[in-house]
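Since the structure comes first, as structure tokens, the remarks are kept for the end.
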Amino acid sequence: MQKRWILLALTTSLFAETAQMGKVTVEAEINKEIVKDVSGNEIKSADLAEALEKKIPSVNILRRSGIANDILLRGQKRDNINIIIDGTKVCGACVNRMDPPTSHILTNNIDTVEVSEGPFDVENFGTLSGLVNIRTIKPTETFTGNISANVGSWDYRKVAARVSGGTDRFKLLVSASTERSGQYKDGNGDDFVGQIAKNIAAGVAPAGAQYQPKYQNMDAYTKSTLMAKLFVDVTENQEMHLSYTANRSDDVLYPSSKMDAIYDDSDIYNFEYFLKNLGRYSKKVTLQLYESKVDHPMSTKYRKMGAANYKTHALTTDMKGAKLKNSFTLADIDWTVGVDTSKRNWDGHFEMNGKPMKMKNGMPVISLDDVDTTDRGLFVKAAQKIGRVDMEYGLRYDSAKVETKRKGEPDNDYNSLTGNIFATVHADDTLTYFAGVGKSSRVPDARELYLVMMGKHYGTPDLDQTENYEIDLGVEKIYDRFSIKTKLYYSLLKDYIAYNASKQQNSFENVDAKIYGAEVSGNVIATESLYLDYGFSYKRGKKDHPLTGQHETNMPDMRPFKANIALNYDYDDATTATLGFVGATEWDKVDYENGEQKLPGYGVLNFKASHSFRHGFKLTAGVDNLLDKTYAVTNTYKDLVLLTAGNGVDNVMLLNEPGRYFYLQGSYKF
């Protein structure tokens with residue numbers, strides 16, 4: 001089966017050549033994918049991870065619940081990819097990754113998402129294998145607004161409103177939304193309670209993991225958000241941006257985990273100041289100050305195991321950052337130089353029945369003891385045009401320190417010099433070659449260094465930072481009605497931080513590894529109104545040697561092949577329809593000793609249609625998983641704590657994806 005998928009990708013590469021087309025939601029630059037008009041197109045739910053997984057072949061989803069899901073980019077996740085929101089770094093507080101950065105901003109507030117693959121970002125601390133740059137909607141001078149209401153399967157409800165306006169000097173935007181959903185059902189018709197029940201019956205999950213009878217009909221989540229922005233033109237060449245985003249999620253159920261989130265609250269504050277045309281050596285100066293806070297208690301309160309006494313793991317994280325950069329042109333080269341600094345605090349403790357847990361000596365039970373990760377960085381970027389060649393260069397130096405208040409645990413210092421060169425050769429107006437080589441790094445986080453869970457030291461305090469040495473090559477060809485872009489990449493990871501399930505203590509260790517793959521994407525225009533988008537992604541990862549006490553070398557999180565194909569109909573911008581296919585081959589090369597299991601391939605059809613009426617009204621309807629398939633995309637790598645009845649690799653609960661889902665949205669734009 002896998003060989004047939006790869007043959008299809010290669011055949012498409014040989015015969016598909018693409019052209020300019022009308023309205024698209026994904027635009028490709030040479031070294032990035034740009035998902036545009038996210039708020040207008042991704043209306044099914046608030047979950048950005050789902051939206052990206054459907055659009056970009058190199059993105060896979062990590063399903064944890066009906067909301068707040070995580071992403072993988074080229075098989076990399078967590079701190080191995082960098083996710084920023086309007087230049088701010090937002091970190092989740094949960095050590096079990098229930099609240100990834102993508103969960104703290106909703107699709108109805110997002111304008112564009114830029115996904116850059118590889119080590120080609122020097123502006124941001126810790127971009128190891130890719131950057132996801134989320135840009136939210138900006139306020140407008142003209143008075144505008146949007147009101148929408150959504151309904152969907154499993155009692156999904158959402159109401160959102162946005163208003164923007166101002167003068168030539170002051171622009172204000174306010175956006176708010178509220179939504180909730182019942183527990184989704186998989187293709188077998190099982191909701192969260194049903195999936196857990198089947199795993200208990202099969203001996204995979206313990207009986208105590210089931211929800212108590214009084215909680216079995218709970219919603220999967222409720223969520224409310226507020227975003228406010230003020231843009232001020234201070235003078236002709238000075239501008240100030242202020243923004244605040246609040247996310248409030250309550251009772252988020254995570255059926256394949258031992259705990260659910262009682263709530264998940266985040267606040268993002270952002271201040272930016274711009275000075276333009278200050279002289280020959282300063283086209284634009286940008287100052288940014290930001291802070292993001294996340295409060296996340298997860299608990300066994302709703303499970304049978306918590307009926308008499310429930311345990312809560314309460315975690316908080318706070319991220320503060322500042323960046324100052326100056327852009328100018330010198331010797332026909334565009335330069336950007338800058339400094340930035342950030343400090344992340346991560347704290348966690350356990351409670352029993354809502355009160356702090358105490359050890360025999362009366363001390364509180366701490367998981368993360370007030371850990372600070374502080375970085376100071378310098379960076380420089382340059383871009384120049386040499387004939388038909390566009391050159392980009394980047395260089396960055398970081399000095400980072402990770403400190404904990406837990407006695408007996410060492411602090412850690414890390415220094416790194418990273419950089420990249422990227423060349424784009426325009427052979428003619430229709431043929432482009434590109435190549436890049438780069439080095440990037442990221443430091444271990446507090447969880448990997450210091451996490452203690454009920455007496456077990458999961459963290460390994462002497463971890464080295466991870467370095468990525470990568471080369472990317474590609475070609476893009478454009479014809480009248482077809483286009484094709486092919487990328488090849490090879491990544492050498494020095495001191496990759498892997499989870500070792502065989503160790504009783506200090507479960508993380510460094511290992512050298514390699515990842516390589518290919519990506520093919522493009523468009524085919526059939527008629528003026530009918531066109532096809534396609535994308536294919538293949539990847540493979542291997543450790544250079546097995547982890548301590550193990551024998552296998554397969555890298556985790558490496559589903560080998562994924563395809564995204566969409567047939568689009570676009571008539572005069574009033575009526576649009578899309579029939580989309582998302583599929584993957586069998587996942588058979590797994591990190592078996594660290595909890596992964598083989599997963600079968602899948603193929604899912606999604607349909608969406610919309611019509612814009614006069615006077616700003618629009619109606620959108622869709623069906624996801626049209627054929628009601630039962631399948632799972634998220635594996636059981638043990639760096640996540642999932643439900644298990646024993647120590648066997650196969651005795652870990654897989655969470656199935658949602659079955660057939662109908663949705664409808666009505667909106668009014670003024």
- Ser256: among the polar types (S, T, N, Q), buried (at least 23 other Cβ atoms within 10 Å of the Cβ), closer than 30 Å to Ala322 by Cα and modelled with pLDDT of 95 or more, yes or no? no
- Query: What residue, among those in the stretch 105-159 that are under 19 Å from His241 (Cβ atoms) and polar (S, T, N, Q), is surrounded by the most Cβ atoms within 10 Å (Cβ to Cβ)?
  - Reply: Asn109
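So that you can scan it fast, the table gives a plain yes or no per residue for (1) under 25 Å from the mean Cα position of the chain (by Cα); (2) at pLDDT below 95; (3) assigned to a strand (DSSP E or B); (4) more than 17 Å from Val59 (Cβ to Cβ):
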| position | (1), (2), (3), (4) |
| --- | --- |
| Thr102 | yes, yes, no, no |
| Val122 | yes, no, no, yes |
| Thr127 | yes, no, no, no |
| Arg157 | yes, no, yes, yes |
| Ala160 | yes, no, yes, yes |
| Leu172 | no, no, yes, yes |
| Ala176 | yes, no, yes, yes |
| Tyr184 | yes, no, no, yes |
| Asn188 | no, no, no, yes |
- Residues of the stretch 568-591 classified as more than 16 Å from Leu532 (Cβ to Cβ), out of contact with any Ser or Thr (no Cβ under 8 Å at 6 or more places or on another chain) and either surrounded by fewer than 16 Cβ atoms within 10 Å (Cβ to Cβ) or small (Gly, Ala, Ser) (or both), total: 3
- Task: Quick one: Gly438 ticks every box in (1) buried (at least 16 other Cβ atoms within 10 Å of the Cβ); (2) of a type outside the set (Ser, Thr, Tyr); (3) outside any strand (DSSP E or B) except a single one, so which number is it?
- Result: (3)
- Query: If only one of Lys608, Lys638 is in a loop (DSSP other than H, G, I, E, B), in contact (Cβ under 8 Å) with a residue 12 or more places away in the chain, crowded, with 17+ Cβ neighbours inside 10 Å and basic (Lys, Arg), which one is it?
  - Reply: Lys638
- Query: With (1) more than 26 Å from the chain's Cα centre (by Cα); (2) in contact (Cβ under 8 Å) with a residue 40 or more places away in the chain; (3) assigned to a loop (DSSP other than H, G, I, E, B) as the list, and His545 as the residue in question, which single condition is left unmet?
  - Reply: (2)
- Task: Give the number of residues within the stretch 459-478 that are closer than 9 Å to Lys494 by Cα, buried (at least 19 other Cβ atoms within 10 Å of the Cβ) and not polar (S, T, N, Q).
- Result: 1
- Return only the number of the condition from (1) more than 24 Å from Gly145 (Cα to Cα); (2) touching a Phe, Trp or Tyr at 6+ places or on another chain (Cβ under 9 Å) that Lys55 does not satisfy. (2)
- Conditions (1) at pLDDT 95 or above; (2) part of a strand (DSSP E or B) -> Asp570 fails only (1)
- Query: Limited to the stretch 272-294, what total is found for residues that are out of contact with any Lys or Arg (no Cβ under 6 Å at 6 or more places or on another chain) and free of Cβ contacts under 8 Å to residues at least 60 places away in the same chain?
  - Reply: 14
- Quick check, is Gly549 closer than 17 Å to Arg74 by Cα and small (Gly, Ala, Ser)? no
- Message: Pull out all pairs, ordered by first then second residue, where Cβ-Cβ is under 6 Å, the residues are six or more apart or on different chains, the first lies in the stretch 485-507 and is part of a strand (DSSP E or B), and the second is among the hydroxyl-bearing types (Ser, Thr, Tyr).
- Response: Lys485/Ser521; Thr486/Ser13; Tyr490/Tyr516; Leu492/Tyr469; Asp495/Thr466; Tyr496/Thr466; Ile497/Thr466; Tyr499/Ser507
- Conditions (1) more than 21 Å from Tyr534 (Cβ to Cβ); (2) in a loop (DSSP other than H, G, I, E, B); (3) free of Cβ contacts under 8 Å to residues at least 60 places away in the same chain; number of the one not met by Leu627: (1)
- Message: Step by step: first the residues of the stretch 579-619, then only those that are touching a helix residue (DSSP H, G or I) at 6+ places or on another chain (Cβ under 9 Å) and of a type in the set (Val, Ile, Thr), then the one that is farthest from Gly75 (Cα to Cα). Which residue is that?
- Response: Val582
- Message: Among the residues of the stretch 168-189, what is the count of those that are surrounded by fewer than 20 Cβ atoms within 10 Å (Cβ to Cβ) and of a type outside the set (Gly, Ala, Ser)?
- Response: 8
- Task: Test Val402 against the criterion of being aliphatic (A, V, I, L, M) and either in contact with a Leu (Cβ under 9 Å, 6 or more places away or on another chain) or part of a loop (DSSP other than H, G, I, E, B) (or both), and give yes or no.
- Result: yes
- Residues of the stretch 239-257 classified as assigned to a strand (DSSP E or B), in contact with a Phe, Trp or Tyr (Cβ under 8 Å, 6 or more places away or on another chain) and at negative phi, total: 10
- Go over the candidates Glu448, Glu476 one by one and state the one that is in a helix (DSSP H, G or I) and in contact (Cβ under 8 Å) with a residue 40 or more places away in the chain. Glu448
- Item | Identity of the residue in the stretch 357-373, surrounded by 14 or more Cβ atoms within 10 Å (Cβ to Cβ) and under 17 Å from Asn309 (Cβ atoms), that ends up nearest to the chain's Cα centre (by Cα) | Val365
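The values are calculated or read from the model by the stated rules, or taken from the named source; none is laboratory data. Predicted model, so just to flag it, every value in this text is computed and none were measured. All Cβ positions, even for glycine, are placed from backbone atoms using ideal geometry, and neighbour counts span all protein chains on display.
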